[in-house]
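Quick note: the coordinates plus some simple rules give every number you see, no bench work behind them. Bear in mind that the values here come from a model prediction, so they are computed numbers and not experimental data.
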Amino acid sequence: MEANFDSARFRQVLSHLPTGVVVVTGVDATGAPSGITIGSFVSVSLNPPLVGFFPGNASRSWSHIAEGKGFCANVLTSDQEELCWRFAREPEGGMSARFDGLEWTKSPTGMPVLPGALATIDCSIESVTPAGDHSFVLGRVQHLSTNETISEAMVFYRGKVTGAMPA
Ligand SMILES: Cc1cc2nc3c(=O)[nH]c(=O)nc-3n(C[C@H](O)[C@H](O)[C@H](O)COP(=O)(O)O)c2cc1C
């Protein structure tokens, strides 16, 4: 059936669904770090522990991360807006400049961990399934960590960054 809306309307309506924000990081075949801002990250299964996200088919970062065996989801706090846009846009110095000036470390499986992340979810890639103009990446959780400091979580709502904090 033909849709009675265009892509702009689709985006505009779906922007009413608030999402958490993660930067999915990984390394390519040469070991170089890569990262992409993702709002479609989701918990999938408890036993076995599975999570997933949907990178677009045009994503350069995902094509690099897919060369490795895993990825790490870095959950952003509401004061990490700079990181949110840094990993959603192409920096002046090119894609490799996304990690410039960041004191990132490595997760137990060797994936980049961003400083100040609220939590990290370190995964191996279980499967990649086509989903329209995106893919569904299913990850098997290998390691988990949370930040000692309780911070406000980043929430993306109607195209803008806001925050969520339990009372
Ligand atoms: C809050 C937020 C959420 C996003 N969520 C997704 C997502 O779930 N999937 C996706 O493919 N791109 C998403 N994007 C867009 C990518 O971050 C952006 O297109 C990025 O530059 C990907 O391109 P690259 O992989 O070529 O760097 C999101 C951007 C923002 C700001």
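According to the square roots a ≥ b ≥ c of the eigenvalues of the Cα gyration tensor, what is the shape class of the stretch 1-41, taking rounded for a/c under 1.5, prolate for a/b larger than b/c otherwise, and oblate for the remainder? Prolate shape, in that a/c is at least 1.5 and a/b is the bigger ratio.
Remark: the Cα gyration tensor places the stretch 14-63 in the oblate category, a/c being 1.5 or greater and a/b not exceeding b/c. Shape analysis of the chain yields a ratio of the Cα radius of gyration to the Kirkwood radius, Rg/Rh, of 0.96.
Roughly how many whole Å is it from the C-alpha centroid of the stretch 70-145 to that of the stretch 28-62? Their Cα centres are 7 Å away from one another. Comparing Ala58, Ala66, Ala119 in a Gaussian network model of the chain (Cα springs below 10 Å), the most mobile by mean-square fluctuation is Ala58.
When the chain is treated as a Gaussian network with alpha carbon springs shorter than 10 Å, the biggest mean-square fluctuation among Ala73, Ala131, Ala117 belongs to Ala131. Under 5 Å from the amide H of Val44 lie the amide H atoms of Leu50, Val51, Gly52, each residue being 5 or more positions distant or on a separate chain, with H modelled from the backbone and absent for Pro and chain starts.
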